[in-house]
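K.L.:
Pasting a structure below so you can have a look.
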Amino acid sequence: MRPVHDVHTRTVQAPAATVGALLDRLAGDDDPLFPVPVWPAMRFDRPLGAGATGGHGFVRYRVTAYEPGRRVRFDFPEGGHHAVEVTPLDAGSCQVTHVLEDRLRGAKRVAWPLAVYWMHATVVEEMLDNVERAATGTVRAPVRRSRWVRLLNRLLWERPVAVPVPPAARLARTAFARTDFQDAWQLPLPPGMPCDPAAWKGVLRGAFPEKGRTTTEGGGEILLGQDARHLDFRASLLVESPAVGADGRTVGHGGRVTLSTVVRTHHTGGRLYFAVVRRVHPLLARAMLRRTHRRLALAAPSAGERESAARAARAGYRHRTRP
């Protein structure tokens, strides 16, 4: 068994108490540190604390030690652990350290040097970038994703799952009095992703005219489509974001985006035509939604940028309401 000892450190020009308060929000609804939405969010079955079980993506672990404002340790089921620690340097600076200790067994002996190490190192450095930006408002030397890491990120990107057309997709559900086909594909909407349904029109590459739009608090639905002699179709993009509290922070993990399609045929020719199209439609729908989902995630502000913006907004609000 090959041992692994991997350490990443970052000196942050902010008090340890400031950075420790950010660490205490790790894996929470308003996590300012983990690099979401580019990478899967860190989630647990309960608030951060000893005994919480969860992980991020395909990596599973359990919180075995937690010292608020200072340190948290996560143990892997098969052995090994990783930990994040905040150490004061002086009144105005501190050091943040991430340590991974593990032993490579079986397939991990190949997967670690080939792929896992490169993603791990990038995720940890992006987390440290977020620590620095959230605490100081800037990052001196942000990490850059290599071509290999970008390829691995693309290959491992979450895939849409089939769902019924959601009740909230009212434009799609009422588009036709009669439908001959309908389906829906869904992906989660991590923090930082756009909630305006118009931002998702690129799923269909702008090839079809807009037929309707509704807005809700933090989301909505946009309907695209076209009518023809043989059939009519509508594509609905429904964005349902998590609730947002009065302080502007996300509440809950329930955000999602759904691509629904409804079709109405007019005659035998239309039915024969769609009998062929429907064989490739699921492949195309999944691919288009997944591609757009990743493109928007890569363009979204980082967790550290979101925290800096939220802090500035809160400071502005307090200034405006100060008597």
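K.L.:
Looking for whichever is within 21 Å of VAL19 (Cα to Cα) and in a loop (DSSP other than H, G, I, E, B) here; the options are PRO77, PRO35. Which one fits? Steps first, please.
P.N.:
Numbers: PRO77 fails: within 21 Å of VAL19 (Cα to Cα).
Among PRO77, PRO35, only PRO35 is within 21 Å of VAL19 (Cα to Cα) and in a loop (DSSP other than H, G, I, E, B).
K.L.:
Can you go through ALA310, ALA285 and tell me which one is crowded, with 16+ Cβ neighbours inside 10 Å and at pLDDT 95 or above? Don't jump to the end; show me each part of the working.
P.N.:
Numbers: ALA310 fails: at pLDDT 95 or above.
Selected residue: ALA285, the only one of ALA310, ALA285 that is crowded, with 16+ Cβ neighbours inside 10 Å and at pLDDT 95 or above.
K.L.:
Regarding the stretch 102-122, can at least one residue be identified that is touching a strand residue (DSSP E or B) at 6+ places or on another chain (Cβ under 6 Å), buried (at least 17 other Cβ atoms within 10 Å of the Cβ) and assigned to a strand (DSSP E or B)?
P.N.:
Yes.
K.L.:
Which condition number does THR179 fail, the rest of (1) of a type outside the set (D, E, K, R); (2) open to solvent by less than 50 Å² (accessible area, probe 1.4 Å); (3) in contact with a strand residue (DSSP E or B) (Cβ under 9 Å, 6 or more places away or on another chain); (4) assigned to a loop (DSSP other than H, G, I, E, B) being met?
P.N.:
(2)
K.L.:
Sort out which residues of the stretch 206-239 are of a type in the set (D, E, K, R) and closer than 18 Å to PRO282 by Cβ, and write them in order of number.
P.N.:
Step one: filter the stretch 206-239 for residues of a type in the set (D, E, K, R), giving 210-211, 213, 217, 221, 227, 229, 232, 234.
Passing the criteria: only ARG234.
K.L.:
I would also like to ask the following. Scan the stretch 1-36 residue by residue and report those that are open to solvent by less than 20 Å² (accessible area, probe 1.4 Å), touching a helix residue (DSSP H, G or I) at 6+ places or on another chain (Cβ under 6 Å) and more than 23 Å from TRP118 (Cα to Cα).
P.N.:
The answer is VAL12, ALA14, VAL19, LEU22.
K.L.:
What's the total number of residues in the stretch 189-227 that are open to solvent by 30 Å² or more (accessible area, probe 1.4 Å), touching a residue at least 40 places away in the same chain (Cβ under 8 Å) and of a type in the set (A, V, I, L, M)?
P.N.:
Count: 1.
The values are calculated or read from the model by the stated rules, or taken from the named source; none is laboratory data. Keep in mind it's a predicted model, so treat the numbers as computed, not measured. Heads up, the Cβs are rebuilt from the backbone with ideal geometry, glycines too, and the neighbour counts pull from every protein chain shown. Please note that ligands, DNA and RNA were not included when accessible areas were found on the heavy atoms of the full protein model with its side chains. Shrake-Rupley method; radii C 1.70, N 1.55, O 1.52, S 1.80 Å.
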